[in-house]
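Visitor: Pasting a structure here, questions to come.
The values are calculated or read from the model by the stated rules, or taken from the named source; none is laboratory data. This one's a predicted model, so the numbers in the text were calculated from it and none came from an experiment. So basically every Cβ, Gly included, is an ideal-geometry build from the backbone, and we count neighbours across all protein chains shown.
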Amino acid sequence: MDQIQVSQAHQATTPFLESVDAYIDRAMEHLNLSDGLAERIKACNSTYTVRFGVRLRGRMYSFTGWRSVHSEHVEPAKGGIRYSLLSDQEEVEALAALMSLKCAVVDVPFGGSKGALKINPADWDAHELERITRRFTQELAKRNLICPGRNVPAPDMGTGEREMAWMADEYKRTGASDVVNANACVTGKPLARGGIAGRTEATGRGIQYAIQSYLRDPNENGVDGRRDLNTMSIVVQGFGNVGYHAAKFLSENDGAKITAIVEHDGYISNPDGLQVEKVKQYQLAYGTILGFPGATSERDSAAGLELACDILIPAAMENAITAKNAHQIKAKLIAEGANGPISFEAEDLLADRGVVILPDLFVNAGGVVVSYFEWVKNITHIPFGLMERRRRERRNLQLTHALEVMTERSFPADIRDDFLEGGAEIDLVRSGLEDVMRSAYDKIAEVKRSSPEMKTFRTAAYVIAIRKIADAYQAIGI
């Protein structure tokens, strides 16, 4: 997720880990689990703290990192590694728990894990960051906390495909026994290093599919009865990878108006909508979104969350919305792009006002879904579509000929090429992601409707995830 330098997380009335535990406890009330099993599911299996030194700039610097494994009911365990000065052990354990639940709710066969290194990447040059990352990888490898069949890291806040390439390369250098599948030790790699098309955009694309799934649900009221995104205004908090892609797809593909973008140093707004791609180019050029031409700039980032809008996408850090500011939130629908952006207390306050919340373990699952696709690609050593693409093209060509014969008219030239296309890797990835997100939403909505006491999508999603984990534990005799 996107780094917020001055985080509201540390002003929260309910700490992040306590919020996650409280959400789990609430879901447990709807499940008939033994006390021992419920306790086993809730607690992290293990958390490792690693401290290591790297000689840089003529002296030794010490670094602290964590890797938490919440659940190994299915292996490998999966979860990102973030680089942030705000990280600590509790945050990592909360994120690991969310990964277990997230993988379960979208039916991805991974356990949950998470990692962090207490560092600000901006403080170091690229070659220094590479040495730090490689040393961190060595420490993880010693403890089997990076391994294709045991524990598979991915990018998170402050990391990206560059860091994943370094980690994969270093893992191979440590003398890994499974050299053939070594590329699968991490996901989120560059395409040239075994990555998969669509991984960078995956979380943002998943947010788009999650919102679309809710709006097409005839059993829900949409946003004040409206279901077309081209009639809606959206505020996005966090304009890194996740927030940028979500805003880009929702505006360019669905016609929604991105009326405000909130970052750590303030926000920009325009009631007629912001041109997302131009804002991103401005941010890359100047290091800030403030001052973007054609928009109003304000330095009060907290106030940006409270702007009137139809949909709010908090895509920055945990506890952006707490009991302190929940009553000021004016959005009618909140789609959680970040992990844990709404505290336990705040959710109740928002739900009582009729605000619909699509929870993080569903909404931002796109990253782990496409990570799973990448892991499968690395394990099988077969590019997506290799075995089927030409057969689909021949079948589609036969269909066009049949239609032309039956109608005695030529197939429309403007759509012929797209129809005949057998599907590139990116098309298959997007199709698979959309199918997973739509199926997950349908299951969550069905569980929510099954009980009058099931008041929120979050509780329904937690119930599904915990039940799956419980079934897996019971199947192996735990």
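Visitor: So how many residues does the range 454-478 have that are among the small types (Gly, Ala, Ser) and in contact (Cβ under 8 Å) with a residue 60 or more places away in the chain?
Guide: 4
Visitor: Given the options Asp310, Asp360, name the one that is within 21 Å of Ala465 (Cα to Cα), touching a residue at least 12 places away in the same chain (Cβ under 8 Å) and charged (D, E, K, R).
Guide: Asp360
Visitor: With the requirement that a residue be crowded, with 23+ Cβ neighbours inside 10 Å and farther than 20 Å from Lys118 by Cβ, what does the range 154-183 give you?
Guide: Hits for the range 154-183 are Ala168, Tyr171, Asn183.
Visitor: On to the next question. Before we move on, is Glu388 farther than 28 Å from Ser71 by Cβ and in contact (Cβ under 8 Å) with a residue 60 or more places away in the chain?
Guide: The answer is no for Glu388.
Visitor: Is there a residue being farther than 20 Å from Ala315 by Cβ, outside any helix (DSSP H, G or I) and in contact with a Gly (Cβ under 9 Å, 6 or more places away or on another chain) anywhere in the range 124-145?
Guide: Yes; the residues of the range 124-145 include at least one that is farther than 20 Å from Ala315 by Cβ, outside any helix (DSSP H, G or I) and in contact with a Gly (Cβ under 9 Å, 6 or more places away or on another chain).
Visitor: Moving on. Filter the range 122-149 down to residues that are modelled with pLDDT of 95 or more and of a type in the set (Lys, Arg) and give me whichever is nearest to Thr64 (Cα to Cα).
Guide: Arg135
Visitor: Could you tell me whether the range 38-56 includes any residue that is at pLDDT below 85, surrounded by fewer than 15 Cβ atoms within 10 Å (Cβ to Cβ) and of a type outside the set (Phe, Trp, Tyr)?
Guide: No, the range 38-56 contains no residue that is at pLDDT below 85, surrounded by fewer than 15 Cβ atoms within 10 Å (Cβ to Cβ) and of a type outside the set (Phe, Trp, Tyr).
Visitor: In the range 42-74, which residue that is farther than 17 Å from Lys118 by Cβ and outside any loop (DSSP other than H, G, I, E, B) is farthest from the chain's Cα centre (by Cα)?
Guide: Per the criteria, the residue is Arg59.
Visitor: Right, something else. Only residues that are hydrophobic (A, V, I, L, M, F, W, C) and in contact (Cβ under 8 Å) with a residue 60 or more places away in the chain: list them for the range 419-444, please.
Guide: Ala424, Ile426, Val429, Leu433, Val436, Met437, Ala440, Ile444
Visitor: Given the residues Ala77, Ala94, which is the only one that is within 19 Å of the chain's Cα centre (by Cα), over 18 Å from Arg143 (Cβ atoms), aliphatic (A, V, I, L, M) and crowded, with 16+ Cβ neighbours inside 10 Å?
Guide: Step by step, each of Ala77, Ala94 is checked, and only Ala94 is within 19 Å of the chain's Cα centre (by Cα), over 18 Å from Arg143 (Cβ atoms), aliphatic (A, V, I, L, M) and crowded, with 16+ Cβ neighbours inside 10 Å.
Visitor: Being touching a Ser or Thr at 6+ places or on another chain (Cβ under 9 Å) and exposed (fewer than 15 other Cβ atoms within 10 Å of the Cβ) narrows it down to one of Asn219, Asn120, Asn151, so name that one.
Guide: Asn120
Visitor: Now, a different point. Can you give me the number of residues within the range 184-216 that are surrounded by fewer than 24 Cβ atoms within 10 Å (Cβ to Cβ), among the aliphatic types (A, V, I, L, M) and touching an Asp or Glu at 6+ places or on another chain (Cβ under 7 Å)?
Guide: 1
Visitor: Against the definition (of a type outside the set (Gly, Ala, Ser), closer than 26 Å to Lys102 by Cα and either touching a Leu at 6+ places or on another chain (Cβ under 8 Å) or not in a helix (DSSP H, G or I) (or both)), how does Ile334 come out, yes or no?
Guide: Answer is yes for this residue.
Visitor: Right, something else. Looking at the range 200-241 only, could you name the residues that are assigned to a loop (DSSP other than H, G, I, E, B), on the phi < 0 side of the Ramachandran plot and more than 13 Å from the chain's Cα centre (by Cα)?
Guide: Arg216, Asp217, Pro218, Asn219, Glu220, Asn221, Arg227, Asp228, Met232, Phe239
Visitor: If Ala104 passes every condition in (1) aliphatic (A, V, I, L, M); (2) part of a helix (DSSP H, G or I); (3) surrounded by fewer than 24 Cβ atoms within 10 Å (Cβ to Cβ) but one, which one does it miss?
Guide: (3)
Visitor: Another question, if that's okay. Considering only residues that are in contact with an Asp or Glu (Cβ under 8 Å, 6 or more places away or on another chain), buried (at least 24 other Cβ atoms within 10 Å of the Cβ) and assigned to a loop (DSSP other than H, G, I, E, B), which ones fall in the range 308-326?
Guide: Residues satisfying the conditions are Ala315, Ala316, Met317, Glu318.
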